[in-house]
Each structure stands twice: as C-alpha cells, then as structure tokens.
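Undergrad: Okay, handing you the structure first.
The values are calculated or read from the model by the stated rules, or taken from the named source; none is laboratory data. Keep in mind that this is a model prediction, so the values were computed, not measured. Positions of Cβ are backbone-derived with ideal geometry, glycine not excepted, and every protein chain shown enters the neighbour counts.
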Amino acid sequence: MNNYKHIGKNFIPPDIYGKVNGKAKYAEDFRADGMVFARMYTSPVAHGRVTDIDTSAIDNMEGVVGILTADDVPSTEAPNAAILTNNPAFIGDPILAVAATDERIAEDALNKIKVKIETLPFAVDPLDSLMEGGPDAREEGNVFSRSREGSGFKKIKWTKKQIEEFRAGKEPTGEHATEWNYGNLEQGFKDAALIIEEPFVTTGYAHMSMEPRTAMAYWQNGTCYVYGSAQSQSFWLPGLARLLGVEQDKVVLISENTGGGFGSKIGAYPAAALPGYFSKKLGRPVQLRITREQEFYIGSARVGFQGWIKLGFAEDGRMTAGDVFIIEDIGPNATGGDGSSAGGAISLLYDPEAMRFRGLPVLTNTTPRGAQRGPGQNQIAAIMAPLMDKAAKALDLDRLEIRKINAVNNETTVYAEQRPVTSAYMKEALQKGADLFDWDTKQQFPQKINAPKVRGLGIGQGYHSAGAKGFDGLIRIAPDGKIHLYSGVGNLGTYSYASTTRAAAEVLKCEWDDCIIHNGRSDKNLPWSSYQAGSVSTYAQTRTNYVAAVDAVDKMKNIAAKIHGGKADDFDIDGRHVHHKTTPSKSSTYAEIAQAAIEFGGTFSGAIYPEDIHDITKRSVQNIAGTGLVGVAKDKLPQNGVIPGLAAAFVEIELDLETGKYEIMDYVGIAECGTVVHPQGLDAQMKGGAVWGMGMAGLERHVFDPQNGLPANIGYHQCKVPSYLDVPSVTRTDAVDLPDPQNPFGARGIGEPAMGCAVAALTSAISDALDGYNFGRTPVSSDMILNYVTGNNQSFKPLQTNNF
Amino acid sequence: MPSYDVMPEVQLYQPTEVDDALNLAEKFRQQGWLLGGGQDTYGWLKDRAKNPTALIDLNDIEAFKGIKATSTGIEIGALTTLRDIIRNPLINDHFEILAKAAGRVASPQIRNVGTLGGNLIQDTRCWYYRRGLACYRAGGNLCYADSPEAMNREHALFNASRCVAVSPSDTATALVALNATMVIKNIDGDREMSAEDFFVGPDTHITQMTALEPGEILTGIKLSNEWSNARYYFEKIADRDVWDFALVSIALVIKEEANTVKDSRMVCGGVACTPYRLNKVEQYLKGNPLSEKIITNAAKIASQGAETLNYNHFKIPLMENLVKRALRS
Amino acid sequence: MEFATLKKDVWGREVILGASWDLLWVILALTFIGIAMHAIIAAAKKRKAAPDSSGKRIERHEKIDRIFHWVMAVSMFVLLITGIFPKIGIEFAWLTIHWVAGLLLTVITIFHIFRSIFWQNIKDMWIGLKDFKEPFDESYKPGKYSLAQKSMHASVTILTLLVIVSGIIMFALIDTPWWERTNALSEDILGWVFLIHGLVSLALVAVISLHIYFGLRPEKLFYTRSMIKGWISEHEKDENHDQEKWVVKD
Amino acid sequence: MNVNLTRRRFIKAVIASSAVASQTGCQLGSKDLHAKGSVERLISLDINGKKRRVDVLPQETLASTLRYKLGLTGTKIGCNRGECGACTVLIDGIPNYACSTLSHSVRKRQVQSIEGVANKDGTLHPIQEAFVEELSPQCGFCTPGQIMSAVALLNENPKPSREEARQALSGNICRCGAYDHYLNGVMRASGQSNE
C-alpha cells in the first residue's frame, strides 16, 4: 500500500453520469444544420474489379443529394485500405456512397444503383492461397510483410506435399517471410529432456464494438470538423489529416465517447474520412452511419494463426528452447502483425533459453484485420497454456510450478534483442492467484463429478507490452484556483483518460474537486497524448501528467520566490498554497500564483513553451497561454527496456461430456501492472478482459464459405459475442500491486493481458477436463468437444481456418 | 454485400376485429405480412430480402390473445406473448414443458413481445437463406448449404430434400410433443390440424415452413388434456444461452405405468426442417421399462437414418445424448 | 406476360430462376381455344362415314412399340403432374417420383431411339417436302403416318429430348442414392436449364393435350385403338394411307 | 414481375377465374387498400410521461422515432436487429427492443426511455446511482439498455437475487464485458450487498 492521495484510490470519472442518464453523446448522436445521410454500397464479391457503375436510376430521385465514388477520394495503394475502392478485396469493401435527405431514401437509392464487378480469384484460408496453383487474395501477390526494412508483396507457394505435411503436424518446410531468433536453438533442444511439438490454429474474429463506426463531418472556414468514433483522441489527428488531405491544424476531431474499440479504432480509419470528402463535394454536413453488418465488414478483426510450435524442457521444467512458425491470416489489407508479437510473448512469458520465430503473413479475402486486444499475445497465450500443462504432466511437475519456474521476473531478458524488462512479478501474480483461487485444495477435488460432468482446472498467463513514452503533458492552473487537466488520450471506456490525470493532481497535491478535465474535442486545447491502445495509457499518461505537473510545480515555486523572495527550492506546495518551507507566512494560494503567472508571462503563462513538444501541444499551449499557469512538458523520463503488462488467471470449469458445453464455476484474474492507479477501473478491465477471453476460448470465430467467400457471421447473433449467461455471474480479481521503477508512480498498463490470461486459463481447463487432450485451437466449440468425446473425427481439415 | 438496416416503405394495417384481419390477409395474400411480435419480421424487411407491400399487425385483436381453460384442455391465442405463456399458472400447472421451452427462446426482450404464433411460424435461420441468396427456399434452384465445402454446422440430419435448413422454433418441439392442435382461420372459415401436420418439410413445401396458406391466420393453439401433467423433459443446447437457436433440442412427454412406459411422445428440434418426432423411439419404448439398456437402444434408434453434411455430424451424438438424458430424467 | 421468373441476387445480378408458371394458364387457355375451334370447324364440316373396322386386320404397331408408347405416356403424365402440380399449389413429396419417372422416360426413350434406327423403318416418320402436299391435296394420301402424326411425333421428340437433357443436368445436381449434389453449375446457367426445362414442359402440356384430343376424335379413334390393340382394318388403312408408301410386311 | 405474387398457390384463384385476370384483380385490390385503412401518420405518443405529437411513417421503428424525431439519443442503436439490447426501452413497464418495435404499435402505451429514468428533480434513479458507484459502464454504449432492463426488474422485483438479475439483464450485450459490474450495480441498487 502506498500513501498517495489520488493514485490507487477510486473516484467518479466525470463522464460516467452521461453514460447512465443517456446524455453522453456518441458520434451518431450529433446533428448539424442541413445535414444529409450517407449510406455505403459495399462489395458483394470477395475479390474483383469494378467495371461499371450505373447510377442513372437515381439521377432524378427525390431526396438523393449526391454520390461519392472511388474517383472522388484519393486512391490508395494496395494492400492498404481505401476510403472507397474500385478494386474490392473482401465482401464488404466500400465501393460508393449515396447521400440523401434521409437514410431510407439513401438505401432505396443504393438498391437501384447497378455496379458491375468482374470477379477475381479469392482465398478465405491462408493455406488455400499458399497451395501451389492456389488463388492470390491480391493481384500483386498473396503475402505482404511489413517491416522497418521495407514492406512489400510476395508470391509464396508451397508444394502440395509441404501443405500436407504441415497439416499432419510436421515442421513446416515451406518458405517463410520473416524470422528472428536468439540463443542456440539446436543446443536448447539437445539439452531438453522433453520435446513437445504441435500444430495449432487460432481463428480470427470480429471486434464487434457496440457502436458501429459512425462519422459526421462538415467544413467551416477551411477546417474539417469530424464527429467520429475514435479510440484515441490526439493520436488520431495526423492520420485523419492525412486521410482528408489537409494540414493537421485544419481538422477538428470530436469524440467525446466511443462505444468500444478494442483495437479497431486506434488511429483514424478510412470510413471516418468519407463524410469529410462527401461534405466537401456537397457543401453540407454529411453523416455516415453504417450498419452492423458493415461494422462487421470494416470494423476490423483479430488476425488468425495457423502454426506449428516446438518446445524443449529440461528435467526441472525450465524451457530450454522454443521454435514457432506462424502463418498469419492478415486479411486483404495486410494489417495485424500479430505473429511476431506472439513470438515475443513466448520469449517474455516463458523465457526459453533459445528461441526462433518464423512468420508468414498471408493475405486473404476476409474482413480486414487489425489490432484486437492482445494481438498475437493472446492467441499464443491460448495455445501455450495446454502445452505447459502437457509438459508439467510429462515431467511430473505441478502445473503451477512449471509456470513459476519459467515465470518472467526482473532479471528476464526478452525478444530477439534480449532486452531487459522494466520490472516483472509473474511468480507473485501466480502465487496470489493460486491463493485466492485455492489452487492446492481445488487440485485435490476429484475430476469426475456428477456424471456426465467432469471438472477442469486451468491456469493462464497473459502479456502485452504496457507502456510508451515521449508524449506531452499539459495542465493549467487558473486564476480561480481550479486545476485544468488536458487529456488527449481518448475515451474508450477504460476511464484512463481521467485516472491518469490524477497523476498531475497527485503531484500538485490538490483536491480532486478542484480539478477539471478537458477531453473529447481536439479544439479543447489538448496535448499530444498517447494512443489509447496497446495497454499503454496508464503508463504513458501518468508520466505525461507527472512531467507537466512537475513543470507546473517548478513554475509555482519560482513565482513564489519572485513574490516572496528567496529561491524556488525554498518553497513547497500543500495542495492549495505555495509556501516557504521555513517561513510559512510567505505563502500564496494556487489562485494567486496563477494570477501572477499571467502577469509574469513567458514560460509561466505558456507564452513560451518547450521546443520539443509536439505541434499539436504547441497549438494548444498557444491557445491557453496567458490564462493561468501553464505546466507543459514532453515526457523525457528515463525509460529502458520492455514494459510488461502481465496477468495470471485461474479457472474451474464443469464440462458436460454429453453436450460438449462447459460452465465456468470460478474465475480468478490477477493483474501484475505495477502500482494500481484506479482499483475499480482495473477491476473492470480484468473482468471485461475475462469475458473477452471466454468469448475467444469457446465461441467467437470467423466463418467463411470457401466456395463463394460469403461470411456466415455478420451480426451479433452469429458472431456469438458472450452474453450474461455465457460467463460466470461473479468473477474475482486482484492485483500484485508492486511498483515499476520506471514510472513515477510505479504504474504499468493491463487492458490486454486481462484477456490473454483468461483465454489461456480456459484452454488449459478444457484440456484438463479431457485428461490432457489438446485441441490446439481456438475457439473450442461444444461440437468439437463432443466429437472428441465420442471418438468422431472433427468436421474440419487439420489446420483449416475460418470455418465452423 | 450491399447492406441495409432501415425499414423500407411498407403499408401498415392495425385491425382490431377478426374479420378485418381475415379480409386483409385474403386481400394481400403473399403481398401481406402478418405481424405478431415482429422479431422475425423487421430483419427480413430491413435487409430487403423480403418485400411485402403491407404489414398486417394482429396485436390489437383481443380474440387472438390469452390463455383459457376449456372442457378438454386449454386454448392459447396465437398472439399471446411468450412472456405471458412463461408466467401463466394454467400452463405452468398442466403443460409446464411449454413454459420451459418458451423460456429458452431468444432473449427476455424478445420473449416479452414475441408471440407463440410467431415463434411457431418463424422462418428458418439457415444463414445462406437469410443472406438473401436465391436458394431453393427463396424460390431458386440450388442449395448453398448442401454443397461440398459449405458451412453447414447448424443444418439438418433428417428429411432434407434439396433444402437442408432446420426448424428454429423451441416452442414447436414442445407443442408437437404435447400433440397440440393448431387453429387456422381464413375468410371462408376455420380449419384445425395437428401440430405435427402443421410443420412441413422441403419435400412437400420447399419455400415454407408451415402448412399455413396465404390468406390464412394461425389464431390459436389447443392443448388437450391427453398429456397434461405428464412427466416431461425439455432441453435446448445452443452455443450461447441467450439469443442462439437450438443446435439440438429435445421435448419429451411420457406416461409410465408399473415401471414401464405406457405412452410417450418425443420430439427433437434443430435436426430437421420440422420438429422431428421420434416415432420409432416412442414405439420401442412402449411397454418397456426405462432401464439403461432400453435407454441406450432408444438413443441409437433415435439417430437412425441421419444423413450428415460437412459440419453437422456432432448432432448425432448430441441428439442421442439428449434422448438418454430425457429418458433418465 | 414474361417467360421467366427473375430475381436480383445478393451479387446485384438479375438471375433467371426458371419458367414463369403463369404461362401454364396461358398455354392451357390457348390449347383449349385451339381445340375448341378445331372441334367447331370439324363439326361444321361434313363428316365422311367412318371406314369399316371389320375385315382383315393389319398390324400397325408391334406390341413392343405399344408398350413403349404407353410406358412413355404414363411416365410423361407422372412427370407433368409431379412437376407442375407443386407449382400451382398442390404440394406433395414429388421429387423422388419425378426423377424416377424421368429416369424411366430416359431409358425408354433411348430404347426407342435404338429401336427406330435398327429395327423400325425410320423413314416412315421422316417428314419430307412431299408430305406438305397432304393438307392441300385431298387426294394425297400419306404413308404409314400422316403429316399431322409425323409433326406430332417430331414435336414430342424434340421436346422430350430437350426435357430429358435439361432434366439430366438437374438430376445431376440433387442428392440421389448414387451421388451427392454439388453446386457445379453457376446460378445463371442453372437458371437457363430450369427455364428450358420449364418452358419445354409447358410446351409438352400443349402438345400432349392436342395429341390426346386428336386421339379421341371420332375419325381418329381407330389410331388410338391401334395403339392399344395393335391393328387397324384394311378399310381404315386404305381409306387413310397410300398403299405404296406403307407396305405391310407379313 | 413480383416473384412472391406469381410463384405459387394460384390454384384457388384459378378455379374461380382465369389466371391472368385474377392476378390483375389482386393487384388492384391491394392498391385500393393502400388508399384506405392504413395507419394515420400523425400520432400521439406517451414518452417519459409526456404526450408528444409526432409524424410517424407506417414502417418506422420506435428507436428511429425516439432518436431522430424526438432527439432522445440516449436510446442507442447497436445492431438494429434485436441482437444486442442497446436500444432497450420500457413499454408499459416491460423491456422491449426499440429497434424492433413499430412506433405505431405503442400509440396507446407508455414508453419510458433512459431520459425518463432519473427523478424529475434531476437526481438519479437508484440504478443509475449504483451504476456510477460500481463503475458499471465501460464504453457506455450499452448502458442505457442495461439500465432499462434493470429498472424494469426492480419495479417488479425490488430484491432480486443475483441470478434473477442476471436472467433479467441477459437480453443486453456488453461488448466490454462489464456484466459483473452491472450485476453489482443491480444488487447495490436493491440494497443488497455484493459480498
């Protein structure tokens, strides 16, 4: 326990009232005078070329205001996503939009437009595309790798024999595109007393955020106002400006609330720019609301894996070597890059003495992929957990023990470069979870309970890097004594936009009631803040708020010294006053100091600001300069090494052998994210992450018909997002709460590992319930379990993906 | 895909009298769409996959609602909501299996407005069909779900004929088990038929799920006392316990005498285009004690004749297991 | 009135689903009108006395051909009923009956083709230019078959072959005891196949109606008898056929 | 040509008259009906205790009317399909999906949306208060719907068990997975401990 005033304490985030009384405004809730409604025509074919668009039927249609086609927007080079395209590469790729005075007319019009599309070969399973003679998802090739050294298309084919061997579980011998390694792999396997080698599949699935990505835009004096559904705030601006073809200062993003993102709205996406172009063309505000089906199409999805893994363990359980080969299903836009992250997660979570990662990102004509909560880390977490169990069983070790033996700690070095970690306490997390879950007692319970049910216990570990640096902090103390905290981090629902500003309040020692948070609109003088993704906000934004507040305190002391005489160091703050350490009568209130700052000007009032801050921050400072004491700084605090967000989970299930369904009887999730900043928020993330893990483990997956490329699940119903009744009524969470040395408050992020540990615990528990049988696959649906229990074949080919 | 979600232009009629409703139904025939709870209506219309010119909202007709005792059993108005059925004492006292089945339909909000009639005559959930493809069921010439690589996990094991879609209704299985009688009206009068005959398969009616003809309205469901208070079992297995349709469901009513089965009716949902009655199992059980051996044999008999597709063979053990569970209960 | 039913599919194309079954009523109406007009005109004409059916009997149709004809008739009826009734609202499990009858029709048609080529005098059925004298020249007598009969045969031949070919394609695309269906044909090609099958079936309805009508007409009834019993009388033959063109073998 | 109309089941009509004539007759008949008998567009709705005159199209859903005609944007459209619950409102006290309800069907009923949940003086309903205390909402998009389901539950059952609450709210998806927190909120609002 620490003695902070705000950090580690619950508070009521100001925006929550709007959420409970219906007044919170999401992108679609905004209206503008003269606004018209746009609807999109999205590709009906998985891959093709638009040869003709016949709009004659709507030329004189009442209520139709205009049409926007790919010719009206900048073209994009394949494989990148376009605002509108004439070369659709997936079913649902936006081709054109129609604006009308109401949505029904716009839809009627869409129904009348005739779009001729010449179809091209398509692939919905990477292995189909890799097969010699198989279809390429893009005319340019079937593989696209992005790397710092250069990105580009490749055409990689494996022989039929290579594919068959891979399907049979053998080490892939086909060409790959990326590779990294460390240590002596050969030696590692030589040293191993146990080698485990298995193929695996994790099927991608849609983000399905509650709010479909609506956007509305209009132009005023050359500035484009975009009301969007954004996961990040300031971080969106450069991308949005680029999409709109304007300077950064000519775009204003309003995103007060966002109905979920989970990685799908990190940066500006093409659909957010569509209304901007349409509005420019029509000279009036345009709102684009998309359907749930279209949100499925363009709302991003998790990258799927088809892989092979080989692990070596020493007698004592230590992992001596790890070798992993991952074919990534990167959709049509070559987005994701989950494979290498998965490899990184193995290196961090299990710390093999030697390791190799080989990756092959294959394009498919399925929905575009993107970061989804723990992209890569969570897929591999699900695959690794049953393998660790298998190793434990073979080596006659306790399943908890083998994880502790390999647990990441402060000494662990990770990734290809074998970088250090800022701090890591996985062993402590595992122990805390085991205690809370009562692992030792539960292990003694019999596996067979009331037939036909069997019990299964699982342990999962999750990891995602959880921090970033180099963003800006900005605060202002007004002459009325109020503390204005500027947060450009986005409002995704984690409340970190608010909880991280409490770092500034902590430094200023002020009352929370005296603080006012500014966020949600880029014209509200927000600083350049981190993206609200990658579990970074807590780490990155406590640092920016810290440095801005430290800057403010420094200025306050200097002003006090100017007023009262003496040196700045002679002064201290108490939350309301700046006072002389030894002569308490020499004291000014924050309000007086702020007033003085205005009078002194210069750096005090923000008239002069550091040169190294981002242009966005500079413009904000310019706007507020002279209205109080401005604290502004770029986060240049020392930072070295990988910042791990870690989590461990324990789960108990009862699996019904007659139906293949299982019920989660107990769930414990432990966060290892340094100091807890916002206990309730952390609890919410851990529990929400658990629900996501439960969805991934058993329910959610993409399904495409390979014959025509049609997706089977385009709505909530078929996507099978977990409901109240599919997850336990009560889940338990806690945190290790040991500070990280590289954050002023010891905090790290947690959002993503919160899910990884859950999906891993479940795959582990299912395997445990079935006497160690490992499906090597997510999701494990009830039909798969039933087929296994009855000794029937599974319905799908080995390593098939995007199927039922 | 072109995607729509706004209600298209359609006329709305809200008759309050039975005759007006029947007249409207007759006048519009295929062009009219009878509206109960509407939960299987708006999606079709919003998708523009079905395009009626008129909605005939039956909810204002009191005669079509309510649950009342009759001399031979009870009669349920087709427009009675599932919510009312779940909470009704008469049903809970005598035909609890129906309340149980109704309670497993979709979600609370859908049960609050969804009607018994609507639940019975809802269209199949085959995802290919729902996408608006011109398949057999939509009047076309092929089945997308029964093709070499089709994704047909939810499709039929029995009695498929070109179309392999399954009956989605949870209450239908219960009502066939209870040997319910359907009351159907049109302007010429009434007709009644057994629930079993009411649901029709693709071999005879490939574009419809029930024997309801254009112009006709399902107005009521009669339950005779034949099976009232019989021992029953209902279970529905679905991926999610809210919203999702049955992968397989089972409804059983059974009468025993001196430790042997006197009579029973057993029906599976999700395995055929209609509620699939296990006639052979019923015959086999008659006069037999419910020993483990008999139960195991019954389960094997249940799945005889199943023809699997690419992804649905798991339904065979699932169905067999549900038969066993039902009989062991 | 359109010949085809169309649907805009999810890919935005108009696809043919098949024949428009409204045509059935048009065909029936037109056929009925045609028959009625013929009947009226025929009634108005002076009727010649029917030739005597007694006396020497001449075999017109061998037993095997008569069996073929009636088997074909039955299968055709079954096919039309099972094919058309469900389209007009009389629903029953028709599919299996339909394809079994279709197979039967196919088999006997193949048989008939072989028989006509190798055993029968195919020229008897051949329509030549000379045959067209018949309607205009009272004195012209046909050989074994009149122009009307040849025309009927030709129409039925063409239509049956078309319906069989399209039917076999359709048959290949449903589940049978021997194979499982595939979606081997695209929706639009399939639509054409269904359209041809449907339109041909409708044409068959008209042609067969006429065939039955003429078969039942009093002056032609002896032909129907010959298709049942095999013979016509010498009088009937002499009255209606050219001795030289129809040489009766012993 | 309309596929539905011509495809099937003409036999009855055909027996009575010739097919072509009957088809035309049917179409004429339906045109006649369009003119008379279909619903009036200007109707009164009782929303949150207030009578509102609204011009409502026959096919309009309640979610559209609330959001786009009355500006009550607290009712969210998540799927417009009855598959998520974000649009849940109470009709005569019973939770309904507003996206799957015709506005014309609620003419004689009382509609309560999220905007009508707080007390008249602006203080929050116990459910709202509890959801704030428990930090129940995350992204908040499903929250109005969750609240409506919870309000209906507490109106009927002031002290529900956690399982009853779970069942009652089960028609509301929360993609953030805040189910546990929402249930904590319901228990707190009903004066029950979460321990």
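Undergrad: Sort through B:293, B:324, B:286 and tell me the only one that's within 13 Å of another protein chain (Cβ to nearest Cβ), out of contact with any Leu (no Cβ under 7 Å at 6 or more places or on another chain), more than 20 Å from residue B:165 (Cβ to Cβ) and at pLDDT 95 or above.
TA: Only one candidate passes the filter, namely B:324.
Undergrad: For residues that are of a type in the set (S, T, N, Q) and crowded, with 18+ Cβ neighbours inside 10 Å, tally how many sit in the range C:129-145.
TA: Counting residues in the range C:129-145 that are of a type in the set (S, T, N, Q) and crowded, with 18+ Cβ neighbours inside 10 Å gives 0.
Undergrad: Output the residues belonging to the range B:136-171 that are among the hydrophobic types (A, V, I, L, M, F, W, C) and assigned to a helix (DSSP H, G or I).
TA: Once the filter is applied, which keeps residues that are among the hydrophobic types (A, V, I, L, M, F, W, C) and assigned to a helix (DSSP H, G or I), the range B:136-171 yields only B:138.
Undergrad: Now a separate question. Can you find, within the range A:698-721, the residue that is nearest to residue B:133 (Cα to Cα) among those that are part of a loop (DSSP other than H, G, I, E, B) and within 7 Å of chain B (Cβ to nearest Cβ)?
TA: The extreme case among them is A:710.
Undergrad: Follow-up. Which residues, taken from the range C:84-98, are more than 9 Å from chain D (Cβ to nearest Cβ), in contact (Cβ under 8 Å) with a residue 40 or more places away in the chain and either closer than 13 Å to residue B:161 by Cα or among the charged types (D, E, K, R) (or both)?
TA: Scanning the range C:84-98 gives a single hit, C:95.
Undergrad: Ok, one more. I'd like the full set of residues that are in contact with a helix residue (DSSP H, G or I) (Cβ under 8 Å, 6 or more places away or on another chain), touching a residue at least 40 places away in the same chain (Cβ under 8 Å) and surrounded by fewer than 24 Cβ atoms within 10 Å (Cβ to Cβ), limited to the range A:193-227.
TA: A:194, A:195, A:196, A:198, A:199, A:214, A:218, A:219, A:224
Undergrad: Of the numbered conditions (1) in contact (Cβ under 8 Å) with a residue 40 or more places away in the chain; (2) at the interface with another protein chain (Cβ under 8 Å from one of its Cβ atoms); (3) not small (Gly, Ala, Ser), residue A:656 satisfies every one except a single condition; which is it?
TA: Just one mismatch for residue A:656, condition (2).
Undergrad: Can you tell me which residues in the range D:112-128 are in contact with a helix residue (DSSP H, G or I) (Cβ under 7 Å, 6 or more places away or on another chain) and not in a loop (DSSP other than H, G, I, E, B)?
TA: Correct list: D:114, D:126, D:127, D:128.
Undergrad: Which of the residues that make up the range A:237-269 are touching a Gly at 6+ places or on another chain (Cβ under 7 Å), farther than 27 Å from residue A:20 by Cα and not in a loop (DSSP other than H, G, I, E, B)?
TA: A:239, A:244, A:250
Undergrad: Confirm whether residue D:185 is touching a Phe, Trp or Tyr at 6+ places or on another chain (Cβ under 9 Å), more than 22 Å from residue D:82 (Cβ to Cβ), surrounded by 19 or more Cβ atoms within 10 Å (Cβ to Cβ) and at pLDDT 95 or above.
TA: yes
Undergrad: Whether any residue in the range D:141-157 is facing chain A (nearest Cβ under 7 Å) and among the β-branched types (Val, Ile, Thr) is what I want to check.
TA: yes
Undergrad: While we're on this one: Just give me the residues in the range A:163-173 being more than 14 Å from residue A:326 (Cα to Cα) and in contact with an Asp or Glu (Cβ under 9 Å, 6 or more places away or on another chain), in sequence order.
TA: Within the range A:163-173, A:165 is the sole residue that qualifies.
Undergrad: A further question on this structure: Does residue D:135 satisfy the criteria of being surrounded by 22 or more Cβ atoms within 10 Å (Cβ to Cβ), closer than 25 Å to residue A:229 by Cβ and free of Cβ contacts under 8 Å to residues at least 24 places away in the same chain?
TA: Judged against the criteria, residue D:135 is not a match.
Undergrad: If residue C:120 satisfies every condition in (1) touching a residue at least 40 places away in the same chain (Cβ under 8 Å); (2) part of a helix (DSSP H, G or I) but one, which is the exception?
TA: (2)
One line per residue, one yes/no per condition, for (1) touching a residue at least 40 places away in the same chain (Cβ under 8 Å); (2) within 14 Å of another protein chain (Cβ to nearest Cβ); (3) hydroxyl-bearing (Ser, Thr, Tyr):
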| residue | (1), (2), (3) |
| --- | --- |
| B:2 | no, yes, no |
| B:7 | no, yes, no |
| B:10 | yes, yes, no |
| B:52 | yes, yes, no |
| B:57 | yes, yes, no |
| B:64 | yes, no, no |
| B:79 | yes, yes, no |
| B:84 | no, yes, no |
| B:96 | yes, no, no |
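Undergrad: Does residue A:315 satisfy being over 24 Å from residue A:102 (Cα atoms) and in contact (Cβ under 8 Å) with a residue 60 or more places away in the chain?
TA: Yes: the conditions hold for residue A:315.
Undergrad: Which one of these does residue B:105 not meet: (1) touching a residue at least 60 places away in the same chain (Cβ under 8 Å); (2) surrounded by 24 or more Cβ atoms within 10 Å (Cβ to Cβ); (3) assigned to a helix (DSSP H, G or I)?
TA: Unmet for residue B:105, out of (1) touching a residue at least 60 places away in the same chain (Cβ under 8 Å); (2) surrounded by 24 or more Cβ atoms within 10 Å (Cβ to Cβ); (3) assigned to a helix (DSSP H, G or I): (3).
Undergrad: Ok, one more. Could you check how many residues of the range B:110-135 are more than 17 Å from residue B:219 (Cβ to Cβ) and in a helix (DSSP H, G or I)?
TA: 8
Undergrad: So, residue B:137, is that one surrounded by 24 or more Cβ atoms within 10 Å (Cβ to Cβ), touching a residue at least 60 places away in the same chain (Cβ under 8 Å) and within 14 Å of chain D (Cβ to nearest Cβ) or not?
TA: Considered against the rule, which asks whether it is surrounded by 24 or more Cβ atoms within 10 Å (Cβ to Cβ), touching a residue at least 60 places away in the same chain (Cβ under 8 Å) and within 14 Å of chain D (Cβ to nearest Cβ), residue B:137 comes out as yes.
Undergrad: While we're looking at this one, here's another question. Within the range A:686-717, how many residues are more than 30 Å from residue A:673 (Cβ to Cβ) and among the small types (Gly, Ala, Ser)?
TA: Result for the range A:686-717: 3.
Undergrad: OK, next. Those residues that are of a type in the set (D, E, K, R) and either in a helix (DSSP H, G or I) or surrounded by 23 or more Cβ atoms within 10 Å (Cβ to Cβ) (or both), I need them from the range D:58-80; list them, please.
TA: Within the range D:58-80, D:67, D:69, D:76 qualify.
Undergrad: How about the range D:158-182: which of its residues are at the interface with chain A (Cβ under 8 Å from one of its Cβ atoms), surrounded by fewer than 20 Cβ atoms within 10 Å (Cβ to Cβ) and in contact (Cβ under 8 Å) with a residue 12 or more places away in the chain?
TA: D:162
Undergrad: If you don't mind, another one. In the range A:24-74, which strands (runs of 3 or more DSSP E) lie fully inside it and hold 3 or more residues that are more than 14 Å from chain D (Cβ to nearest Cβ) and surrounded by fewer than 18 Cβ atoms within 10 Å (Cβ to Cβ)?
TA: The strands (runs of 3 or more DSSP E) meeting that bar are A:48-54.
Undergrad: Wholly within the range C:1-81, which strands (runs of 3 or more DSSP E) include no fewer than the required count, namely at least 2 residues that are surrounded by fewer than 19 Cβ atoms within 10 Å (Cβ to Cβ) and either free of Cβ contacts under 8 Å to residues at least 24 places away in the same chain or out of contact with any Phe, Trp or Tyr (no Cβ under 7 Å at 6 or more places or on another chain) (or both)?
TA: Where strands (runs of 3 or more DSSP E) fall fully within the range C:1-81 and carry at least 2 residues being surrounded by fewer than 19 Cβ atoms within 10 Å (Cβ to Cβ) and either free of Cβ contacts under 8 Å to residues at least 24 places away in the same chain or out of contact with any Phe, Trp or Tyr (no Cβ under 7 Å at 6 or more places or on another chain) (or both), they are C:4-8.
Undergrad: Also, I was wondering about something else. Only one of (1) in the same structural domain as residue A:421 (by TED's automatic domain parsing); (2) at negative phi is not met by residue A:797, so which one is it?
TA: (1)
Undergrad: Still on this model: Of the conditions (1) away from chain D (no Cβ under 14 Å); (2) free of Cβ contacts under 8 Å to residues at least 12 places away in the same chain; (3) in contact with an Asp or Glu (Cβ under 6 Å, 6 or more places away or on another chain), residue A:7 satisfies every one except a single condition; which number is it?
TA: (2)
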